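To keep things clear, I will list the structure first and then write my remarks on it.
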Amino acid sequence: MAEQPSGTVTLVFTDIEGSTRLMHALGESQYRAALGEHRRIVRSAFTRNGGYEVDYEGDSFFYTFQTADDAIAAVVEAQQGLADGPVTIRVGVHTGSPQLDPPKYVGMAVHQTARIMSAAHGGQVLLSGATRELLNAEVAVSDLGQHRLKDIAGPVHLFQLGSDTFPPPKSIAASNLPTPVTPLLGRDEQLDDATRRLDATRLLTITGPGGTGKTRFAVELATRSRRQFPDGVVWVALDAVPDSAAVSDTIANTMGAKVPPAEHVGDKRILLVLDNFEQVVDAAPAVAQLVAACPHLRVVVTSRELLRVVGESELPLPPLAIDPAVELFCDRAGIAPTSVIAELCEKLDRLPLALELAATRARILRPEELLDRLGQRLDLLKGRRDADPRQQTLRATIEWSHDLLTDEERALFAALGVFVGGFTLPAAEEICDADLDVLQSLHDKSLVTADAGRFAMLETIREFARERFDRLPTAAEITRRHAEWYADLAAEGKPALEGTMEQRRWLAILTAELGNIRAALAWSRDAEPTIMLGLTSRLGIFFWLAGYPAEALGWIEEALAACAGLGDEVDAARADTREFGAWLATFLGQTDRAAAHAESCAELHRKHGNDRGLGRALRELAKVTSDRGEKALARSQLEEAALLSRRASDDWNLAIALNNLGDLALSESNFKDALQLCGESLELRRPRGDLWGSAICQLNLGFASMGLEQYDEARRAFAASLELADEVGPMVLVAESLVMLAAVDVERDPQRAAYLIGASEVVFSRTDEVLQKWEAELLERTIAGARTRLTAEEFEVAADRGRNADRAEVLRVATAIESPQQR
């Protein structure tokens, strides 16, 4: 065994996330073998790179290394070794000086490393800032900002190894503030004013035209105020949100909440920053309601116009004073101040963005040359008499910077205006014919930003690019390519979302592209309805899992209306779109809309002799039939759907049909048949890695077990359903799992049952979907049973604890074998 490292060491904790889910998926025998292979691979990689094994327990390792680079090399090797197997580890890495307690260690460094690991997701490696500083510069990391970790005093700066996309770290009070790369200059007076106002007001709006530095100012204000908000600082970028109606969902999704923002925040002390609000200003009443509902919430908004709601305090952000403006320009340009630079700054109206853009050219042009060029350009681009002078000046500055680009750079800059919310390199290459060197040049000139494999533009610059895009003779063709690219992306992701090991990855990919997807849908609705129909035929499950079922149903019905006059050539896409229209309408409790979509879907597939498609249509039609009380007909439709799916080798639909037959058996209290049918469905889904489908099966298996009075087995199944649904969605499955766990607990532990009832209420309030009739009746009986066994005060106290608990705490309490009261 290696000698125990001492002094400054790098500590590494690993464990298997979702081990319960994995054991259910593999079975105990295969899980034991996978666990053994995991131990072998990790030990081999860590030992080969000089690691010292401190501890191993269950599925978790604790190692130390003499250097940070050795630790990261070991982690990378271990992950590569595990890549082809079923086990995925999460890793926390921190560097410190723990005290020796041979053969172990003691001290806060140990605890901090463990907490960092707990914040990671499966497959993710999180590093502390201390480790990041010691790594070789060639090691690629992503900056995740400051986060608060349980039992750790003060925020911890977290980094991620590599650039893969994961949900936000599972910290108790995350701060997802952007990390500035340069200091904020010349804003001390306004920052002091804003800090005082934030103590006295609950809604502070920072106003000013584009280019005054509102976003950067808000980052600094939030950073300085962070200690006043122990429950977190949340940054919500609204630049890619085209619709005011989507603001609340965007806030909730950024918070990682599965309930409305007001329910999630409650009495917590949170600072919420809403950036670029002017394009969704119609959402102002919703923000005012959120502030009114949450007594300790503070909201900072950056906008070009006021929200004009009660309680709003405005902080206009003026141009910089002349001395800070000169300091900013000289700092960015790397030159000494002169009187000419002062004159240049005045010509730029001392606007931070204008100064930043001008400074990029100081490497090749002397200040006098800059001044001459800018003066000519400002005169040429003088705005309307009634236009805001600061906006005129900013437009002139961007125009001038744009004119200094090469022809290739200008063409690409304009073409990139087609994107909303950022883009990937392959998308830019395919849609805009982007050359990597030219894109790099735009990045170097501060016109394009890059972060974790995605590119974007500041919103002000993107608006300017969009104007240039609209003038391109190729704009229509580029827009078509854009829509076709995202239609193809949706087509590639659809099979993964239907139930494979790639579900989580594709959900993250499509979520990042939501702005582009919405733009493609909106354009194609008027310009090319067949592309819109293609998009809607592939995106139903994504919108459902992502928490936008009502929006998706709207897009679906618009696409069908737009294509109503087209012929048989679009029937395949029309049928698939109808299928998901029925799916979404059913989950929204809109039976008549679901029936219209399902019947039309079945008719189209019969028309073309598509038995595979007909099996899927009958699956949806059976849901409608069952909801209308025609159980025998629903069973016949599902049995036919299952038969057609077996013939077509459509295991995904077969699994759903079998589960729905089990669901039907449950509604008739035929628990043994339900157990058999849902078990068969689960066995089809496990090899595919179908997380949300497996969650539905586990939910029904739990209810069947409960009906057979097998309560321990029922609780295990409901806990598995909750863990799976929490990973990938949709929220209605989380809520249903909580209800079922409460039903199991109501006699044995009414306190926990009341807690889970409270937690389920807030999750249900976050979704438009509804309980089935028998589920609603069970919930009513469970509430009544808990109230019978507890006093009114005891019930309300326990339920309120569930309503106010965060996601991680609810999951911990709900899935514990013993409740906190039993320990």
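The values are calculated or read from the model by the stated rules, or taken from the named source; none is laboratory data. This is a predicted model, so every value here is computed, not measured. Reconstructed Cβ throughout: ideal geometry from the backbone, glycine too, with neighbour counts over all protein chains shown. Surface areas here come from the heavy atoms of the whole protein model, side chains and all, with no ligands, DNA or RNA. Shrake-Rupley method; radii C 1.70, N 1.55, O 1.52, S 1.80 Å.
Structural descriptor for the chain: relative contact order 7 percent, calculated from alpha carbon pairs under 8 angstrom and at least 6 residues apart. Per residue, the Cα convex hull of region 394-542 amounts to 103 Å³.
Kindly state, to the nearest 0.05, the FRET efficiency for R363 paired with T500, given R0 = 51 Å and r defined as their beta-carbon distance. Present the calculation step by step, with values, prior to reporting the outcome.
On the way: r = 50 Å, r/R0 = 0.97.
That gives a FRET efficiency of 0.55.
Computed from Cα positions, the angle between helix 475-497 and the longest principal axis of the chain comes to roughly 30 degrees.
On full extension, the segment bounded by A83 and L134 gains 15.7 nm, given 0.36 nm per residue less the C-alpha separation. Here region 446-496 is assigned +1 on the Cβ of each Lys and Arg and -1 on the Cβ of each Asp and Glu. Its dipole about the Cα centre then comes out at about 60 debye. Between S60 and E780, the modelled labels are 4.4 nm apart [label points 7 Å from Cα along Cα→Cβ]. P(r) for region 441-493, from all Cα pairs and a bin width of 5 Å, is 5, 16, 16, 22, 24, 13, 4, 0 %, short bins first. Taken over the Cα atoms of region 586-632, the convex hull encloses 64 Å³ per residue.
Express the Stokes-Einstein translational diffusion coefficient of region 558-681 in µm² s⁻¹, to the nearest whole number, given a Kirkwood radius over alpha-carbon pairs, 4 °C and a viscosity of 1.567 mPa s.
On the way: Rh = 14.6 Å.
Reported coefficient: 89 µm²/s.
For region 501-631, what does the relative contact order come out to in percent, with C-alpha contacts under 8 Å and a separation of six or more?
Working: 136 pairs, mean separation 24.9, N = 131.
RCO, region 501-631: 19 percent.
Where nothing but the Cβ of Lys and Arg (+1) and of Asp and Glu (-1) is charged, how large is the charge dipole of region 141-272 around its Cα centre, in debye to the nearest 20?
280
Rounded to the nearest 10 square angstrom, E346 shows an accessible area of 80 square angstrom against a 1.4 Å probe. For the chain, the longest principal axis of the Cα atoms and the long axis of helix 514-527 meet at an angle of about 90 degrees. The modelled label-to-label distance between D433 and Y711, using points 7 Å beyond Cα along the C-beta direction, is 7.2 nm.
Would you list L566, L677, L722 from the most to the least accessible area, probe 1.4 Å? It would help to have the intermediate numbers written out before the result.
Values: L566 65, L677 40, L722 5 Å².
Of L566, L677, L722, the descending order of accessible area is L566, L677, L722.
Computed from the alpha carbon positions, the gyration tensor of region 225-365 leads to an equivalent ellipsoid with semi-axes of 38, 15, 14 Å, biggest first.
What is the gain in length, in nm to one decimal, between T179 and R224 on full extension, counting 0.36 nm per residue of separation less the C-alpha to C-alpha distance? Write down the numbers at each step before the final one.
On the way: separation 45, 0.36 × 45 = 16.20 nm, distance 1.30 nm.
Fully extending the segment from T179 to R224 adds 14.9 nm.
The Cα-based radius of gyration of region 621-678, divided by its Kirkwood radius, gives an Rg/Rh of 0.97. Accessible surface computed residue by residue for the chain, with neighbouring protein chains in place and a 1.4 Å probe, gives 42 Å² per residue.
Cα extents for the chain along the principal axes, largest to smallest and rounded to whole angstrom: 88, 78, 55.
Accessible surface of the chain, 1.4 Å probe: 49 percent of it comes from carbon and sulfur atoms.
Overall, the chain carries a charge dipole of about 920 debye about its Cα centre when +1 sits on the Cβ of Lys and Arg and -1 on the Cβ of Asp and Glu, all other atoms neutral.
Could you list, in their original order, any pairs among K150/K773; K494/K607; K268/K623; K104/K150; K268/K494; K494/K631 whose Cα atoms are separated by more than 29 Å?
On the way: K150/K773 40 Å; K494/K607 25 Å; K268/K623 41 Å; K104/K150 22 Å; K268/K494 38 Å; K494/K631 31 Å.
Distance filter (> 29 Å) returns K150/K773; K268/K623; K268/K494; K494/K631.
Computed on the Cα atoms alone, the convex hull of region 466-624 gives a volume of 113 cubic angstrom per residue. Other residues with beta-carbon under 10 Å from the beta-carbon of A362 carry, at +1 per Lys or Arg and -1 per Asp or Glu, a net charge of +3. Counted by Cβ distance under 11 Å from G213, the other residues give a net charge of +2, where Lys and Arg count +1 and Asp and Glu count -1. May I ask for log10 I(q)/I(0) of region 1-90 at q = 0.23 Å⁻¹, from a Debye sum over the Cα atoms as equal point scatterers with solvent left out? The Debye formula, applied to the Cα set alone, gives -1.10.
Given the options A520, L472, T500, identify the residue whose Cα lies farthest towards the positive end of the charge dipole of region 440-537 (+1 on Cβ of Lys, Arg; -1 on Cβ of Asp, Glu). Looking along the dipole axis, the top candidate is L472. Largest first, the three principal axis extents of the alpha carbons in region 659-779 are 35, 30, 24 Å in whole numbers.
Taking every DSSP beta bridge that has both ends in the chain, the antiparallel portion is near 60%.
Viscosity 1.306 mPa s, temperature 10 °C: what is the translational diffusion coefficient of region 47-86 from Stokes-Einstein with a Kirkwood Rh over Cα pairs, rounded to a whole number of µm²/s?
Values: Rh = 10.9 Å.
The estimated diffusion coefficient comes to 146 µm²/s.
Considering only V728, A655, G679, the residue lying farthest towards the positive end of the dipole of region 621-744 is A655, judged by Cα position with unit charges set on Cβ. In region 48-183, the ratio of gyration radius to Kirkwood radius, Rg to Rh, stands at 0.94 when only Cα atoms are counted. With contacts taken as Cα pairs under 8 Å and at least 6 residues apart, region 192-350 reaches a relative contact order of 31 percent.
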